[in-house]
Amino acid sequence: MFSISLTRGDWSLHRKGAIDQARHMQKVKEAIKQNLADIVSEQSIITSDGKKLVRVPIRTLEEYRFRFDPNSYPQVGQGEGGSKVGDVIGRVGPGQGPGQGKQAGDQPGIDYYEAELTVEELGQLIFEDLELPNLEEKRLRELESEAVRFTDIRKHGPFANLDKKRTIRENIKRNAKRGNPRFGGLKNEDLRFKTWERDVKRESNAVVIAMMDVSGSMGTFEKYISRAFYYWMVRFLRTRYDHVEIRFIAHHTEAKEVTEEEFFTRGESGGTRASSAYQLALQMIEERFDPESWNIYPFHFSDGDNWPSDNELCRRLAEQLIERSNQFGYGEIRQGRYAYQSTLMHTLERINSPKLVTVTISDKTDVYPALRRFFGPEAREVARA
Amino acid sequence: MPEMTPAQLAQLEARIAEVWEVGTRLGLRPFPTHFEIVPATVMYEIGSYGMPGRFSHWTHGKAYQVQKTLYDYGLSKIYELVINANPCHAFLLDTNTVLQNTLVAAHVMGHSDFFANNAYFARTSRRMLDTVSLNAERIERYEFEHGEAEVERLLDAVLSIQEHVDLYASEEEDEPADTPPARQPKPYDDLWRYDRSTERRSPEPPPRRSRRRPAEPVRDLLAFIRDHSPILDDWERDVVSIVRTEMHYFIPQIQTKVLNEGWASYWHARIMRELDLSTDEHVEFARLHAAILQPSPRRLNPYYLGYQILLDIERRYGEQHLFEVREVENDISLIRNYLTQELVDELDLYLYERQGDELVIVDKDWEAVRERLIGELGGNQTPVILVEDGDYEGNLELYLRHSWDGRKLDLDWAEKTMEHIYRLWGRRVWLETKTDDGSRLILSYHPREGHKQHR
């Protein structure tokens, strides 16, 4: 019988930990997706510069079990001599409320029940199955994006494309066949060249016209919701499409084309005539975005509190817009005013077109469903029907 | 970090032989021990699964990620990993120096001796390495047959109550018979002989319903669910059984964490001092030893506490007594029997709690410290949950009672755990506990009606 032995085996194919780790990461992502409605309207993200790390609490990944209330009993610790009652031995972050799991004395610095993501990673999860609905190939000015990809190896080609690694390998291989595995005595038959393919992607032109009500009746909540929606919409379009143009229109009784920065930061006041925005959008289309060659997507967010005398004009202009567009999206933010009758929503709903998509938002968590309604698979079903 | 060269490997082998010789001479009686040199990733994998070859589950992946992150950031390093088996298996890190691995081997010898001689390990299976591999294979087959998602949901539920086995029963023991005892012969029994038909009638099997009502409250929640759940399929019962078997194996390690680590630390220190080390190696050893036995302000370092208690025992009762302690004690009895006021003062132990955002020392009384220590060690950190009735209200509902010891449950977590138990029992689940003021509180859960509190 041996008493001790020592060996070193080959563990290179051992990957169980990595596999279960991947499953854990997948669960983290699932958990985030389940919480997207809350995360999407998170103020700290909308107001960030987009580079920020977002911390997402993941309660579903807590390993629940019967345990004693961690906050109601003192813990045992150990000093280096001379400690006294009343000494402060450390601090905990203010965010760690009771029930949030982390006990004082856990591993320092890393809280495993909160995932850290960049806004970009979060965007990928949000945008996963979103797309511009009803996108058509248009006649003119199709933009081509061209890429060169090296995909193959040949024995002949320009020397600029010589694949040195493969050439050396071929040379050694040939030498080895004659019992001398080394590099040297290069011959033409050793040479290998990379060849390429042109990769042309055709993409149709598309323009999104983002219209926002900035009148006095739009309170903090209403403005915040519109901006949250547009924030993610703009990010989505920029991430997914190389050639989408986005135009911004702010309106109260008058409409004005503004820059992206102004759109997201400026506040105005006064009454509301939504027709002014539609008028400007139509004019924009007339002058720059011929529907023959452009896919057009107007969106409008408002509290619906439009001048009643303007509603009829709105409807007529909206009909014209819809005629020229692939989809017209209207979002109305009505916090607790469900019974209010003379809103813009009621006016627009009289238009009977599958290309008109409307949503009503009354809560922060409605922003994500709104995105999905305009861009998600559900929207495409409707568009096709 | 470079891995060990063949020359270093040979050097290490010679050193380990020396360690064994010294340890044996000083009285250690370990199992034969096999050392395996592995890369860091394998080390962290084995560390996060508890043993090589255990079944797949995302919680293991989560533990692995934690370990790996800490390692990648240089925050921690597993030096030693040793499996209670005969022969004993130990893993050494590929990137350690010869001296580091020599120290680890000496430490491992202490553990191996402890596994072989401590009373609480007497009934553990020494073939667990094979068992966990077979278990993992069965679970893999269930994944194939019933879908990974289904097995994962089941494991999520079973693992949430994995600590609720009977700490003091061995895995092989069957549940205590809750069927009525066999009928004792009575003086006038012969009178009934006339009735032949009675005699021929075989005794009726106890109805299944009564088996769900234990005569005594049952502590082994896993076994009770395995045997009496109204809804589990055979394969699901097998998964419950697997988790229970593996937990039973780990229980003695939970019960003796402080003593076991203290014992191993005591021996690595003694053995290393006997070896013929160069000056540089002495310095490296002293540095490592100090790092391992570093006290920590917020949590107990079991290595340090156990080591200090053992040194104190050696001072007071002599070396021979140490061997007796390693044979008969567990953490709780060790603390009860050997933690003194002088030691609490010398080790500067205290109780602290959170006040606002600060962690503040609130008590230094040695008896208060001792009582809290006992509450945190040896399995006492898990609340005792008893099965009172598996046929509650005649409706096969499961009635559990938290055995009250003055510490209140985390009710939020308890409710989430009850949802897991519902997955295993399939009927309404009840839990009786107490509130702060000591009055009775009963929780119930059923997915149709959600969580309810009854007072």
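Of all the listed residues (B:L12, B:L99), the sole one being in a helix (DSSP H, G or I) and away from chain A (no Cβ under 11 Å) is B:L99.
Residues in segment B:274-286 that are within 14 Å of B:V104 (Cα to Cα) and either in contact with a Gly (Cβ under 7 Å, 6 or more places away or on another chain) or without any contact (Cβ under 8 Å) to a residue 12 or more places away in the chain (or both): B:A286 only. Count of segment B:210-236 residues, restricted to those that are assigned to a helix (DSSP H, G or I) and closer than 18 Å to B:D391 by Cβ, is 9.
Condition check: over 30 Å from B:E137 (Cβ atoms), modelled with pLDDT of 95 or more, surrounded by fewer than 21 Cβ atoms within 10 Å (Cβ to Cβ) and not small (G, A, S). Does B:R211 satisfy that? Here the answer is no, as B:R211 does not meet what is asked. Within segment B:274-297, the set of residues being within 10 Å of A:Q78 (Cβ to Cβ) and surrounded by 18 or more Cβ atoms within 10 Å (Cβ to Cβ) comprises B:P295, B:P297. Among the residues of segment B:372-421, those that are closer than 19 Å to A:N71 by Cβ, surrounded by fewer than 16 Cβ atoms within 10 Å (Cβ to Cβ) and more than 8 Å from chain A (Cβ to nearest Cβ) comprise B:W404, B:D405, B:G406.
Screening A:F248, A:F229, A:F263 for residues that are in contact with a strand residue (DSSP E or B) (Cβ under 7 Å, 6 or more places away or on another chain) and touching a residue at least 60 places away in the same chain (Cβ under 8 Å) leaves exactly one candidate, A:F229.
So that you can scan it fast, the table gives a plain yes or no per residue for (1) among the basic types (K, R); (2) modelled with pLDDT under 95; (3) over 23 Å from B:H228 (Cα atoms):
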site: B:G406; (1), (2), (3): no, yes, yes
site: B:W413; (1), (2), (3): no, yes, yes
site: B:E419; (1), (2), (3): no, no, no
site: B:L424; (1), (2), (3): no, no, no
site: B:R428; (1), (2), (3): yes, no, no
site: B:E432; (1), (2), (3): no, no, no
site: B:G438; (1), (2), (3): no, yes, yes
site: B:P447; (1), (2), (3): no, no, no
site: B:R455; (1), (2), (3): yes, yes, yes
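Restricting attention to segment B:22-38, the residues that are facing chain A (nearest Cβ under 10 Å) and under 17 Å from B:L99 (Cα atoms) add up to 4.
Among the residues of segment A:145-188, those identified as surrounded by 11 or more Cβ atoms within 10 Å (Cβ to Cβ) and in a helix (DSSP H, G or I) are A:N161, A:R166, A:T167, A:I168, A:R169, A:E170, A:N171, A:I172, A:K173, A:R174, A:N175, A:A176. When segment A:282-293 is filtered for residues that are out of contact with any Ser or Thr (no Cβ under 9 Å at 6 or more places or on another chain) and within 13 Å of A:L317 (Cβ to Cβ), the ones remaining, listed by number, are A:L282, A:Q283, A:M284, A:E286. Being in contact (Cβ under 8 Å) with a residue 40 or more places away in the chain, part of a helix (DSSP H, G or I) and out of contact with any Gly (no Cβ under 9 Å at 6 or more places or on another chain) is the filter; apply it to segment B:417-440 and report the residue that is nearest to B:P383 (Cα to Cα). Here the answer is B:T417. Just so you know, in segment B:51-78 the residues that are more than 7 Å from chain A (Cβ to nearest Cβ), touching a residue at least 60 places away in the same chain (Cβ under 8 Å) and crowded, with 18+ Cβ neighbours inside 10 Å include one that is farthest from B:V243 (Cα to Cα), and it is B:P52. Tell me which residues, restricted to segment B:330-370, are in a helix (DSSP H, G or I) and either more than 29 Å from B:M247 (Cα to Cα) or within 10 Å of chain A (Cβ to nearest Cβ) (or both). B:Q341, B:E342, B:L343, B:V344, B:D345, B:E346, B:W366, B:E367, B:A368, B:V369, B:R370, listed by residue number. What about B:L443, is it assigned to a helix (DSSP H, G or I), within 13 Å of chain A (Cβ to nearest Cβ) and of a type in the set (A, V, I, L, M, F, W, C)? Criteria not met by B:L443. Being within 20 Å of B:L222 (Cβ to Cβ), among the acidic types (D, E) and within 13 Å of another protein chain (Cβ to nearest Cβ) is true of B:E432.
B:A149 passes every criterion in (1) in a helix (DSSP H, G or I); (2) among the small types (G, A, S); (3) within 13 Å of another protein chain (Cβ to nearest Cβ); (4) in contact with a helix residue (DSSP H, G or I) (Cβ under 7 Å, 6 or more places away or on another chain) apart from (4).
Within 45 Å of the chain's Cα centre (by Cα) and either at pLDDT 85 or above or on the phi < 0 side of the Ramachandran plot (or both), is that true of A:K194? Yes; evaluated as a whole, the condition is true for this residue.
Do we find a residue being assigned by TED's automatic domain parsing to the domain that holds A:Y231, part of a helix (DSSP H, G or I), in contact (Cβ under 8 Å) with a residue 40 or more places away in the chain and within 25 Å of A:L237 (Cα to Cα) anywhere in segment A:300-317? Scanning segment A:300-317 turns up no residue that is assigned by TED's automatic domain parsing to the domain that holds A:Y231, part of a helix (DSSP H, G or I), in contact (Cβ under 8 Å) with a residue 40 or more places away in the chain and within 25 Å of A:L237 (Cα to Cα). Only one of the numbered conditions (1) within 29 Å of A:R91 (Cβ to Cβ); (2) among the aromatic types (F, W, Y); (3) over 26 Å from the mean Cα position of the chain (by Cα); (4) crowded, with 19+ Cβ neighbours inside 10 Å is not met by B:W366, and that is (4).
Mind checking whether some residue in segment A:193-215 is buried (at least 19 other Cβ atoms within 10 Å of the Cβ), assigned to a loop (DSSP other than H, G, I, E, B), touching a residue at least 60 places away in the same chain (Cβ under 8 Å) and among the small types (G, A, S)? Yes: one or more hits.
What do you reckon, is B:Y266 touching a helix residue (DSSP H, G or I) at 6+ places or on another chain (Cβ under 6 Å), modelled with pLDDT of 95 or more, surrounded by 14 or more Cβ atoms within 10 Å (Cβ to Cβ) and in a helix (DSSP H, G or I)? The answer is yes for B:Y266.
The values are calculated or read from the model by the stated rules, or taken from the named source; none is laboratory data. All figures in this text were calculated on a predicted structure; none of them were measured in a lab. Note: ideal-geometry Cβ built from the backbone for every residue, glycine included; neighbour counts use all protein chains shown.
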